[in-house]
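The values are calculated or read from the model by the stated rules, or taken from the named source; none is laboratory data. Given the structure is predicted, the values throughout are model-derived calculations rather than measurements. No Cβ is skipped: glycine too gets one built from the backbone with ideal geometry, and neighbour counts run over all protein chains shown. Protein only, heavy atoms only, side chains kept; ligands, DNA and RNA dropped before computing areas. Shrake-Rupley method; radii C 1.70, N 1.55, O 1.52, S 1.80 Å.
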Amino acid sequence: MTITSVLSPAAKRRGEVFTRRWVVELMLDLADYVSARDLTLLTVVEPAVGSGAFWRVLLERLTASLPVNPRWDELANALRGYDIERANINGCRALTVEHLVAAGCATPMGGPCAPRSWRASASMT
């Protein structure tokens, strides 16, 4: 399988690129976005969430940095994601809900760990 085979034809036409996980991990390590820190004190802006290569690792590290009994409302401003493609936003939104539920947040969309606003426009915050 080649890297370009991972992307849909439409994604290729838009100029999207697939970032391998080891590259994402390295970039976040270099930025000191590591789970040993209290990542709820930071806000990460992902300007083009795409298929979620960065978003997935950001979520993993963010939830790994939480204490045993987390205050889920502290996550509301920790990540901000945007994209011009509605499908990318919906995919990352679903990924976020799935990940937060797996991490123990009972109500990720309507409860305290929901982002401050889920915009209907082509952005996700």
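Quick one: in segment 64-98, which of the residues that are surrounded by fewer than 21 Cβ atoms within 10 Å (Cβ to Cβ) and of a type in the set (S, T, N, Q) is farthest from W22 (Cα to Cα)?
N69
Of the conditions (1) open to solvent by less than 50 Å² (accessible area, probe 1.4 Å); (2) within 24 Å of A106 (Cβ to Cβ); (3) not basic (K, R), A53 satisfies every one except a single condition; which number is it?
(2)
How about segment 63-105: which of its residues are touching a Cys at 6+ places or on another chain (Cβ under 6 Å), over 16 Å from V44 (Cα atoms) and at pLDDT below 85?
W72, C105
Filtering segment 19-46 down to residues that are hydrophobic (A, V, I, L, M, F, W, C) and either closer than 10 Å to A78 by Cα or assigned to a strand (DSSP E or B) (or both), which residue is most open to solvent (accessible area, probe 1.4 Å)?
L41
Of everything in segment 1-12, what is at pLDDT below 70 and either hydroxyl-bearing (S, T, Y) or more than 24 Å from L79 (Cβ to Cβ) (or both)? Give them in sequence order.
M1, T2, I3, T4, S5, S8, A10, K12
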